[in-house]
1. Can you tell me, using C-alpha contacts under 8 Å and at least 6 residues apart, the relative contact order of the stretch A:1-91 as a whole percent?
2. Among all helices in chain B defined by DSSP H, which have a length of 15 Å or more along the axis from Cα atoms plus a Kyte-Doolittle mean of at least 1.6?
3. Return the average number of partner chain Cβ atoms within 10 angstrom of each residue Cβ along peptide B:38-50.
4. For A:LYS2, B:LYS28, B:LYS106, write out the residues from largest to smallest accessible area, computed with a 1.4 angstrom probe and no ligands counted.
5. Using a 1.4 Å probe on the protein heavy atoms, what percent of the accessible area of the stretch B:1-138 belongs to carbon and sulfur?
6. For the stretch B:32-100, report the translational diffusion coefficient in µm²/s to the nearest whole number, using Stokes-Einstein at 25 °C, 0.890 mPa s, and a Kirkwood Rh over Cα pairs.
7. Arrange the residues A:MET1, B:MET109 by how much accessible surface each exposes, largest first, with a 1.4 angstrom probe.
8. Checking an interface number: how much accessible area is buried between A and B, summed over both chains, with a 1.4 Å probe, in Å² rounded to 100?
Amino acid sequence: MKVGLLRLGLLAVLLAVWEVAGRAANPLLAVPPSAVLPALRDLLLLRSYPDLPASLLLTLREIGTAYALAVAAGLGCGFVLACTGSSGAPGGP
Amino acid sequence: MIAALYAVPAVVWYPSLMLFFGLDAASKIAFGFLLGFFPITLAVLAGVRQVNPQLVVVARAYGAGAVTVFRRVMLPSMLFTLVGGLRTGLALCVIGVVVGEILGSKAGMGALINHAYGLLRTGDYVALVLVTLVLVVGSDVLASLLERHARRWTE
């Protein structure tokens, strides 16, 4: 409970600092959270970037493929190196 | 050698990957793979080193086969390290793919972020970063659930 309140407080302080700093800065380079929320709404309603779902799906697919390949190669390579004892050899991992 | 290769900043390979695989998904997958491969391999090696050899000898003496020794002795001993490596690998794969898309891509979240940033549409840029952040945090939550499940299994 206390930790949760502390986290919420920290988040509120961060947002307040961001809001103040964002309003003071050049609007082309930094925006406050109050300007991000309408942009986020437009984004999620597919007004600003209609191809968001396709892009998200593509990124997820790329991550899934890269991870599956990394797991297969990493496990295979790791077990082969460990079983052949090459991991302890000079110049080994 | 693997640890030495892991120490090389992976981003130096990205121009070569783009030359080999082009601007499509393949170069991002290759970059994500390159970042995720090393921690997983090193976690397997560290995990295997953690297995008490005496337990393996005792299991063999009791007539356990190679598969049983792996499943009942080695896997529980190394699982925690292995799952930690898999979690790190997932986080680095996500970073690799998104960074790859930002550095050079025609589609994907990184390309959208790059587009918004290039046109100084800062509000859209921050909103896209927030959506990507949700994606990253979601994948980490999934990995942490897997890690917790593995911890319960080894206890």
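1. For the stretch A:1-91, the relative contact order is 11 percent.
2. Helices meeting the span and hydropathy rule in chain B are B:75-103.
3. Mean number of neighbouring Cβ atoms from other chains: 6.
4. Details: A:LYS2 175, B:LYS28 0, B:LYS106 145 Å².
Solvent-accessible surface, decreasing: A:LYS2, B:LYS106, B:LYS28.
5. Looking at the stretch B:1-138 in its full context, I get 72 percent from C and S.
6. Estimated diffusion coefficient is 188 µm²/s.
7. Result, largest first: A:MET1, B:MET109.
8. Chains A and B together bury approximately 3500 Å².
The values are calculated or read from the model by the stated rules, or taken from the named source; none is laboratory data. All values derive from a computational prediction rather than experimental measurement. Every residue, glycine as well, gets a Cβ built from its backbone with ideal geometry; the counts of neighbours run over all protein chains shown. Surface areas here come from the heavy atoms of the whole protein model, side chains and all, with no ligands, DNA or RNA. Shrake-Rupley method; radii C 1.70, N 1.55, O 1.52, S 1.80 Å.
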